[in-house]
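Asker: Have a look at the structure that comes next, please.
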Amino acid sequence: MLDSKRRAASVRVFVLQAIIQNLPRAGAHLKALLTRHGLSDARIGDPNARVDMRDYLEFFEDAARTFEDPVLGARLGLALRPGDLWPIGLLLMQASSIGSALSYYARYATAFQTATTFSVQISPEGLMCSYKVHDDIKPKSLLRQDTEFTLACICGQLRTAFDSNWGPLEVHFEHPSVGQEAALQRIFGAPVRFGQNRNCIIIDPQDADRQYRVEDREFINILNQHMASVIAVSNEQVSATEQVRALISVRLGISPVELPDLASEMGMTPRTLQRRLSDEGTSLRAILRDYREQMATAYLAQGNVSMEEISGALGYAEATVFSRAFKAWTGSSPARRPKVGGQ
């Protein structure tokens, strides 16, 4: 039985549906694969339901063995279309630049699965987009297909949204090579390195900054509100911390982020929400601070967003207030942070 203070990592069924729909239609092989993992129509019929992360990972690795395709995850990830990614795919298609699209992806990554992190950071090599599963999954070999799927999915979405010929500078994986470097390099269109300290794609800063279109803010706000209504639905498998963080991601800069408002959306009293957060070792203030710091770093990494725009997006009334907060987090002023492309 799951400890109520530590929920198991989980993934939305719609991710699993997208994978299954794109598997080779090998009749008996596919049916046997689904049966082995208890994936009945009833269990995977609701796209917004969740399945245990380990069940999902074991299914993915077994699928690669069943169809004798060691890079199955990467192939499927690259093949996904924006519609396969729920409303998030529509947001990516509306983004003005690759940097902006990655910020949206980071903002809504928790809608896909829990106990994972997708972050965007400036590095000496370029714009680094990292992915990590935090749950203590062993053996680590169970992470291979999901990791390659996730990074290939990001690349595929960016190609669909911006440039079919686009590719990252490099792709890094924590797991070791199994002799598939050539196949993965063809899929990603970039050098692939294994045994690295993180799973990430590295993007040319100029590619991240290039403006492709003007964003339709009204449509994006509608999608934001839709995401808020979906993510806010109480789910027994999602911790209060994760639910609060998800609500912050869609309310910040648009609506107040106050405990009574969040509690109301989650269907509980403010006192109950405060107690649940305390039981999980955190508070609204701590979650909000961490989220603001992460998003501030992502916005600054784009290099083309003004201090006023960042302040507004993070719910600050003035840029000076944001600047003071950022200095308290990092020890340096945001105005002195290096911009993408050296701007």
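Asker: So if I place +1 on the C-beta of Lys and Arg and -1 on the C-beta of Asp and Glu, and nothing else carries charge, what would the dipole magnitude of the stretch 182-337 be about its Cα centre? I want it in debye, nearest 20.
Answerer: I would put it at about 520 debye.
Asker: Separate question: Where q = 0.15, 0.17, 0.20 Å⁻¹, what log10 of I(q)/I(0) comes from the Debye formula for the stretch 113-258, counting one point per Cα?
Answerer: So the normalised log intensities work out to -0.96, -1.14, -1.29.
Asker: Contour minus end-to-end for SER177 and SER255, with contour as 0.36 nm per residue of separation and end-to-end as the Cα-Cα distance?
Answerer: Length gained, SER177 through SER255: 23.4 nm.
Asker: Could you estimate the translational diffusion coefficient of the stretch 14-70 from the Stokes-Einstein equation, with Rh from the Kirkwood formula over C-alpha pairs, at 25 °C and 0.890 mPa s, in whole µm²/s?
Answerer: 212
Asker: Mind telling me which of THR35, THR269, THR160 comes out most flexible in a GNM of the chain, alpha-carbon contacts under 10 Å?
Answerer: Per the Cα network of the chain with a 10 Å cutoff, THR35 tops the list.
Asker: Any idea of ASP52's accessible area? Nearest 10 Å², probe 1.4 Å.
Answerer: 50
Asker: Residue farthest toward the positive end of the dipole of the chain, with Cβ of Lys/Arg at +1 and Asp/Glu at -1: which of ALA18, LEU78, SER119?
Answerer: Of the options given, the answer is SER119.
Asker: If you don't mind, another one. Working from the pairwise distances between different alpha carbons, so that the mean of 1/r is found and then inverted, what is the stretch 78-194's Kirkwood radius in Å?
Answerer: One over the average 1/r among Cα pairs gives 14.9 Å for the stretch 78-194.
Asker: Carbon-plus-sulfur fraction of the accessible area of the stretch 34-186, 1.4 Å probe, in percent?
Answerer: The value for the stretch 34-186 is 52 percent carbon and sulfur by accessible area.
Asker: In percent, how large is the relative contact order of the stretch 1-145, given Cα pairs closer than 8 Å and 6 or more residues apart?
Answerer: Relative contact order, the stretch 1-145: 26 percent.
Asker: Continuing with this model, one more query. Can you compute the modelled spin-label distance between SER306 and ASN22, with each label point 7 Å from Cα toward Cβ, in nm?
Answerer: Result for the modelled spin labels: 3.9 nm.
Asker: Here is a further query. Quick check for me: using +1 on Lys/Arg Cβ and -1 on Asp/Glu Cβ, what's the dipole size of the chain about its Cα centre, in debye to the nearest 20?
Answerer: 420
Asker: Then there is this: GNM on the chain, C-alpha springs below 10 Å: top fluctuator among ALA298, ALA111, ALA319?
Answerer: Among ALA298, ALA111, ALA319, the largest mean-square fluctuation in the Gaussian network model of the chain belongs to ALA319.
Asker: Show me the trypsin sites (Lys or Arg not before Pro) within the stretch 47-135 that DSSP assigns to loop and that have at most 11 other Cβ atoms within 10 Å of their Cβ.
Answerer: none
Asker: Take the alpha carbon gyration tensor of the stretch 1-129, find the square roots of its eigenvalues, order them as a ≥ b ≥ c, and report rounded if a/c is under 1.5; if not, report prolate when a/b exceeds b/c, else oblate.
Answerer: prolate
Asker: For the chain, report the accessible area per residue in Å² (1.4 Å probe, heavy atoms, rounded to an integer).
Answerer: Here the residues of the chain average 45 Å² of exposed surface.
Asker: Based on the Cβ-Cβ distance of GLN185 and ARG289, what FRET efficiency does E = 1/(1 + (r/R0)^6) give at R0 = 41 Å, to the nearest 0.05?
Answerer: Efficiency, rounded to the nearest 0.05: 0.55.
Asker: Continuing with this model, one more query. Mind checking the alpha-carbon convex hull of the chain and giving the volume per residue in Å³?
Answerer: 139
Asker: A further question follows. Using only DSSP helix segments of four residues or longer, with each worth -39500 (n - 2.57), what per-residue ellipticity at 222 nm results for the chain after dividing by its residue count and rounding to 500?
Answerer: Computed ellipticity for the chain at 222 nm equals -15000 deg cm²/dmol.
Asker: Once Rh for the stretch 253-336 is found with the Kirkwood sum over Cα pairs, what is the Stokes-Einstein diffusion coefficient at 4 °C and 1.567 mPa s, in µm²/s?
Answerer: Stokes-Einstein gives a translational diffusion coefficient of 92 µm²/s.
Asker: A further question on this structure: Please report, in Å, the Rg and the Dmax of the stretch 188-320, where both are computed over Cα atoms only.
Answerer: That works out to 17.7, 52 Å for Rg and Dmax.
Asker: Using 17 Å as the cut-off for backbone N distance, which residues of the stretch 105-139 belong to the label zone defined by a point 7 Å from the Cα of ASP62 along Cα→Cβ?
Answerer: Within reach of a label on ASP62, which here means backbone N under 17 Å from a point 7 Å along Cα→Cβ, the stretch 105-139 contributes 138-139.
Asker: To continue, here is another question. Can you check what the Kirkwood hydrodynamic radius comes to for the stretch 44-119, Cα pairs only, in Å to one decimal?
Answerer: 14.2
Asker: ARG198 to ARG54: extension gain in nm, 0.36 nm per residue of separation minus the Cα-Cα distance?
Answerer: Fully extending the segment from ARG198 to ARG54 adds 49.8 nm.
Asker: Mind putting a number on the dipole of the stretch 93-172 about its Cα centre? Charges go on the C-beta only, +1 for Lys and Arg and -1 for Asp and Glu, and I need it in Debye to the nearest 20.
Answerer: For the stretch 93-172, the charge dipole is close to 120 debye.
Asker: Express the relative contact order of the chain as a whole percentage, based on alpha carbon pairs under 8 Å and six or more residues apart in sequence.
Answerer: Relative contact order here is 17 percent.
Asker: Computed over the Cα atoms, what is the radius of gyration of the stretch 126-183 divided by 2.2 N^0.38 Å, N being its residue count?
Answerer: 1.26
Asker: Pairs of alpha-carbon atoms within less than 8 angstrom and 6+ residues apart define the contacts here; what relative contact order does the stretch 61-143 have, in percent?
Answerer: 15
The values are calculated or read from the model by the stated rules, or taken from the named source; none is laboratory data. Quantities reported herein were computed from a predicted structural model and do not represent experimental measurements. Cβ: placed from backbone, ideal geometry, glycine included. Neighbour counts: every protein chain shown. Note: accessible area is taken over every heavy atom of the protein model, side chains too, but ligands, DNA and RNA are not part of it. Shrake-Rupley method; radii C 1.70, N 1.55, O 1.52, S 1.80 Å.
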